[in-house]
Amino acid sequence: MEKLSLSAFVSRNGQEKAAEAFNCGQSAISKAISSGRNITVTIFENGKVIAEELKPFPSSKREVQVI
């Protein structure tokens, strides 16, 4: 099993191959990289590839009211 960032995976395989692996469009891969999303790609021994995103919880920014 190997883990790497989405940008490293794309550098190795290209945006089109990454899009095929994750069943999305090439533009989605490009946008995820350019916006700096924290996406980790895991490549398993059998060749299966998955991607997971780590983001803060809660994901929406809320204003804090100071009293």
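Readers should treat all values here as calculations from the given coordinates under stated rules, not as data from a laboratory. If you're wondering where the values come from, they're calculated on a predicted model, not measured in any experiment. All Cβ positions, even for glycine, are placed from backbone atoms using ideal geometry, and neighbour counts span all protein chains on display.
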Excluding exposed DSSP-loop trypsin sites (Lys or Arg not before Pro) (at most 11 other C-beta within 10 Å), longest clean stretch of the chain:
1-47
Point-to-point label distance, residue 46-residue 17, nm (Cα→Cβ direction, 7 Å offset)
2.2
Residue 57 paired with residue 37, simple spin-label distance in nm, labels 7 Å along Cα-to-beta-carbon:
1.9
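Which GluC sites (Glu not before Pro) in the stretch 1-45 sit in a loop by DSSP (not H, G, I, E or B) and have at most 10 other Cβ atoms within 10 Å of their own Cβ?
Details: sites: 2, 16, 20, 45; in loops: 45.
Counting only loop positions with at most 10 other Cβ atoms within 10 Å, the GluC sites (Glu not before Pro) in the stretch 1-45 are 45.
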Taking the convex hull of Cα positions in the chain, its mean projected area over all directions (nm²)
5.7
With x for Gly and Pro, the residue-by-residue ³J(HN,Hα) of the stretch 25-35, computed from phi through the Karplus equation 6.51 cos²θ - 1.76 cosθ + 1.60 at θ = phi - 60° and given in whole Hz, is x, 4, 5, 5, 5, 4, 5, 4, 6, 5, 8
